[in-house]
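Some notes on the structure that comes next.
The values are calculated or read from the model by the stated rules, or taken from the named source; none is laboratory data. Keep in mind that what you see is a predicted model, and the values were worked out from it rather than measured. Neighbour counts are summed over all protein chains in view; Cβ atoms, including those assigned to glycine, are modelled from backbone coordinates with ideal geometry.
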Amino acid sequence: MKPPVPDPGPDRLMQVLDEWQPTPELSPDFGLRLRRRILAAPAPLPWWSVSRLQWVAVAVLLVLIAGVGWYAHLRDTPAAAPATSAVIEAEMIAQPGPDSQAGAQLDPVMRDLQMLNRDGDLIEHLDFLSAGTGTTRIQDRVQNDD
Amino acid sequence: MGAELTVVLDASVRTLDPDTELMLRFQEGDASSFDEIVARYRKPLLGFLIRLVRDAAASEELLQEAFLRVYQHRSRYRPQARFSTWIHQIAQNLAFNYMRDHRRDRLHDSLDEPTPEDTAPRELADLRPTTEQSMIEATQRARRQQRVQAAIAALPERQQAAVILHKYQGMNYADIGSTLKLSESATKSILFRAYESLRRELKDLL
């Protein structure tokens, strides 16, 4: 019976690995070529210009934000009130008929004024209502009717 | 307190690591420091790249690129990290990118590489004790080297880098961890697994 083969230790593995000893030789013009490459290589960009594309993206984003802000500002600001004379003129032009929708949209004060203007004759002859004699006249009229 | 500690740590790195000192001088505008860095690191870094990439011409190109990056990005270096760790990290990233880009070529190449059966140690009884014997020994040595190279190349990328940094670049666990962006315990674990795989793969040579 063969004796068990002892497990070779790590030292033996290291000795075997030591056998791989490449002898690197640099080409004689290594230094010259390196110097040439260094001179030909572009200078490294400073940190702020490393990502030029990012700066462009930031600029575009800022322009977009400014545009959206300006649009929102314009939308939220009420239109400037036109001059008073222009309002009166516009309302005079838009003098509504009795069943006009425009009339319904007019200011209540204007509506009252229009009503006074339209029913002026009637209102003039209603003065008897304000006096105490009015009742007597009505009673007289009722008696005369009878 | 924190700031003071950072200053003390920075000062200790500066005093302990002459390469870091060189790099800081280069950052301050001393161009001769860069030449000194190139002179110190070109051979060890080339060895590192050749072991990872296994192509001498490509390794030299990658080495040029690594030094170019050190030159261009010198302002990004912070002395909290050892300079050797930083430059190895740059070289390793370049090598990994190259390896990924050329994976298909490497697969084709590996089909042409000798199999373990081809490279198994021959019976020495047949060898004649002449210069022929030394030639045979040289051939065997070359084959063993190829076996080691192939076994390391068969490891996953990170394990390859860890083994090369540990075994051939002589880095400690902390520095390997910094280079590979791993914790020290994760580095130990990755190295353990890598060496176990190599032991299995190279069993007949041990």
Filtering the stretch B:25-46 for residues that are more than 10 Å from chain A (Cβ to nearest Cβ) and within 22 Å of the chain's Cα centre (by Cα) leaves a count of 4
Looking only at the stretch B:47-68, and only at residues there that are in contact (Cβ under 8 Å) with a residue 60 or more places away in the chain and surrounded by fewer than 20 Cβ atoms within 10 Å (Cβ to Cβ), the one that is farthest from the other protein chains (Cβ to nearest Cβ)
B:ARG54
From the list B:ALA66, B:ALA57, pick out the single residue that is part of a helix (DSSP H, G or I) and farther than 21 Å from B:ALA162 by Cα.
B:ALA57
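Residue by residue, here is whether (1) farther than 30 Å from B:ARG147 by Cβ; (2) out of contact with any helix residue (DSSP H, G or I) (no Cβ under 8 Å at 6 or more places or on another chain); (3) of a type in the set (A, V, I, L, M) holds:
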{"residue": "B:ALA31", "(1), (2), (3)": "yes, yes, yes"}
{"residue": "B:GLU65", "(1), (2), (3)": "yes, no, no"}
{"residue": "B:ARG78", "(1), (2), (3)": "yes, yes, no"}
{"residue": "B:PHE83", "(1), (2), (3)": "yes, no, no"}
Conditions (1) in a helix (DSSP H, G or I); (2) aromatic (Phe, Trp, Tyr); (3) modelled with pLDDT under 90; number of the one not met by A:TYR71
(3)
All positions within the stretch A:1-58 that are surrounded by 11 or more Cβ atoms within 10 Å (Cβ to Cβ), within 9 Å of chain B (Cβ to nearest Cβ), modelled with pLDDT under 75 and more than 30 Å from B:ARG200 (Cβ to Cβ):
A:PRO44
Meets criteria (free of Cβ contacts under 8 Å to residues at least 12 places away in the same chain, at the interface with chain A (Cβ under 10 Å from one of its Cβ atoms), crowded, with 17+ Cβ neighbours inside 10 Å and in a helix (DSSP H, G or I)) for B:ARG141
no
If we keep only residues of the stretch B:192-206 that are more than 7 Å from chain A (Cβ to nearest Cβ) and modelled with pLDDT of 90 or more, then the residue surrounded by the most Cβ atoms within 10 Å (Cβ to Cβ) is B:ALA194
Please indicate, with yes or no, whether at least one residue in the stretch B:116-124 is surrounded by 17 or more Cβ atoms within 10 Å (Cβ to Cβ), among the β-branched types (Val, Ile, Thr) and at pLDDT below 55.
yes
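Does B:TYR71 meet the test of being more than 14 Å from chain A (Cβ to nearest Cβ), in a helix (DSSP H, G or I) and surrounded by 16 or more Cβ atoms within 10 Å (Cβ to Cβ)?
Values: more than 14 Å from chain A (Cβ to nearest Cβ): no; in a helix (DSSP H, G or I): yes; surrounded by 16 or more Cβ atoms within 10 Å (Cβ to Cβ): yes.
For B:TYR71, the condition - more than 14 Å from chain A (Cβ to nearest Cβ), in a helix (DSSP H, G or I) and surrounded by 16 or more Cβ atoms within 10 Å (Cβ to Cβ) - is not met.
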Those residues of the stretch B:167-206 which are under 20 Å from B:PHE48 (Cβ atoms) and in a loop (DSSP other than H, G, I, E, B) amount to B:GLN169, B:GLY170, B:MET171, B:ASN172, B:LYS181, B:LEU182
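Taking the stretch B:34-73 as the region of interest, how many residues are touching a Lys or Arg at 6+ places or on another chain (Cβ under 7 Å) and of a type in the set (A, V, I, L, M, F, W, C)?
Restricting attention to the stretch B:34-73, the residues satisfying the condition of being touching a Lys or Arg at 6+ places or on another chain (Cβ under 7 Å) are B:63-64, B:68.
Checking which are of a type in the set (A, V, I, L, M, F, W, C) leaves us with B:63, B:68.
Within the stretch B:34-73, residues that are touching a Lys or Arg at 6+ places or on another chain (Cβ under 7 Å) and of a type in the set (A, V, I, L, M, F, W, C) number 2.
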